[in-house]
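Worksheet: the structure to be examined is printed underneath.
The values are calculated or read from the model by the stated rules, or taken from the named source; none is laboratory data. Because the structure is predicted, anything quoted here is derived from the model rather than measured. Here the Cβ positions follow ideal geometry from the backbone for every residue, glycine too, while neighbour counts run over all protein chains shown.
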């Protein structure tokens, strides 16, 4: 089999003089050496029948990561096929919904511009109408609640969730939900309501031990949030919810 290098390889040098290779079709990432780079640049001229075992093994790993591919493969055509499969498949419908862009935190690295508004009834009705339109033709409906801080917009979440569940029951759809939240507004009453609407998976950010987290994940008043978040995470787990911990890393907390 004749091979060629992928059009979608990205090779970069790191600050400590290491070399990284990334393939943007497979998302393979590897720290590589001169042998890898030599093969990559000369793959089309290599005699595949006269290579040592070490080189054959390296090429096999490069194929697995799509850094090198069969000569006959048309990568652009493959990407178009993948795009169209995602665009036209009718297995499911997925939304990421921000009920509000408002947030009770003021993290120094935040890239958002908080607005003290919530999703209008007009937009809510448009979402519900869209789900009703597609419901007879799909099998799964998935919603990720995002923000701002989504729990600042609880009423929007409750309203949309109620409608989505009714549509799913009517059309016999599988319904899955998830929430990306800072976790501060969690309490038992809120958990009961979340579970009523099948929202039992959460991502919450802890940026390090208290002395670091409390400089980064702060309320709009500047007060740290570590102890409250830790207690709220424990409360979620006690209520049989799933919690993923996110850590935002930069030079101030990498250690």
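So that you can scan it fast, the table gives a plain yes or no per residue for (1) loosely packed, with under 14 Cβ neighbours inside 10 Å; (2) touching a residue at least 12 places away in the same chain (Cβ under 8 Å):
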position	(1), (2)
30	no, yes
44	yes, yes
70	yes, yes
88	yes, no
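Taking region 214-231 only, how many residues are touching a helix residue (DSSP H, G or I) at 6+ places or on another chain (Cβ under 6 Å) and closer than 23 Å to residue 115 by Cα?
The qualifying residues number 1.
Does at least one position in region 118-135 carry a residue that is assigned by TED's automatic domain parsing to the domain that holds residue 186 and more than 22 Å from residue 167 (Cβ to Cβ)?
No - not one qualifying residue is present in region 118-135.
Hey, could you check region 47-67 for residues that are under 13 Å from residue 1 (Cα atoms) and touching a residue at least 12 places away in the same chain (Cβ under 8 Å) and say which is farthest from the chain's Cα centre (by Cα)?
Among them, the one singled out is 48.
Mind listing whichever residues of region 234-255 are at pLDDT 95 or above, over 22 Å from the mean Cα position of the chain (by Cα), assigned to a loop (DSSP other than H, G, I, E, B) and surrounded by 11 or more Cβ atoms within 10 Å (Cβ to Cβ)?
Selection gives 239 alone.
If you scan region 222-233, which residues turn out to be surrounded by 11 or more Cβ atoms within 10 Å (Cβ to Cβ) and outside any strand (DSSP E or B)?
225, 226, 227, 228, 229, 230, 231, 232, 233
Within region 106-113, does at least one residue satisfy the condition of being in contact with a helix residue (DSSP H, G or I) (Cβ under 6 Å, 6 or more places away or on another chain), free of Cβ contacts under 8 Å to residues at least 60 places away in the same chain, in the same structural domain as residue 172 (by TED's automatic domain parsing) and surrounded by 11 or more Cβ atoms within 10 Å (Cβ to Cβ)?
No, the conditions are met nowhere in region 106-113.
Are any residues in region 125-152 in contact with a strand residue (DSSP E or B) (Cβ under 6 Å, 6 or more places away or on another chain), outside any helix (DSSP H, G or I), at pLDDT 95 or above and surrounded by 17 or more Cβ atoms within 10 Å (Cβ to Cβ), and if so, which ones?
If the condition is that a residue be in contact with a strand residue (DSSP E or B) (Cβ under 6 Å, 6 or more places away or on another chain), outside any helix (DSSP H, G or I), at pLDDT 95 or above and surrounded by 17 or more Cβ atoms within 10 Å (Cβ to Cβ), then 141, 143, 144, 145, 146 are the ones that fit.
Looking at region 1-16, which of the residues that are part of a loop (DSSP other than H, G, I, E, B) and touching a strand residue (DSSP E or B) at 6+ places or on another chain (Cβ under 8 Å) is farthest from residue 49 (Cα to Cα)?
Per the stated criteria, the residue is 14.
Can you tell me which residues in region 194-213 are in contact with a helix residue (DSSP H, G or I) (Cβ under 9 Å, 6 or more places away or on another chain) and within 19 Å of residue 100 (Cβ to Cβ)?
Answer for region 194-213, where residues must be in contact with a helix residue (DSSP H, G or I) (Cβ under 9 Å, 6 or more places away or on another chain) and within 19 Å of residue 100 (Cβ to Cβ): 194, 197, 199, 202, 204, 205.
Residues that are modelled with pLDDT of 95 or more and in a strand (DSSP E or B): does region 179-199 have at least one?
Yes - at least one qualifying residue is present in region 179-199.
Scan region 183-193 and give yes if some residue there is in contact (Cβ under 8 Å) with a residue 12 or more places away in the chain, in contact with a helix residue (DSSP H, G or I) (Cβ under 6 Å, 6 or more places away or on another chain) and crowded, with 20+ Cβ neighbours inside 10 Å, otherwise no.
Yes: region 183-193 contains one or more residues that are in contact (Cβ under 8 Å) with a residue 12 or more places away in the chain, in contact with a helix residue (DSSP H, G or I) (Cβ under 6 Å, 6 or more places away or on another chain) and crowded, with 20+ Cβ neighbours inside 10 Å.
Of the residues 96, 100, only one is in the same structural domain as residue 142 (by TED's automatic domain parsing), surrounded by fewer than 12 Cβ atoms within 10 Å (Cβ to Cβ) and under 30 Å from residue 143 (Cα atoms); which?
Being in the same structural domain as residue 142 (by TED's automatic domain parsing), surrounded by fewer than 12 Cβ atoms within 10 Å (Cβ to Cβ) and under 30 Å from residue 143 (Cα atoms) holds for just one of 96, 100, which is 96.
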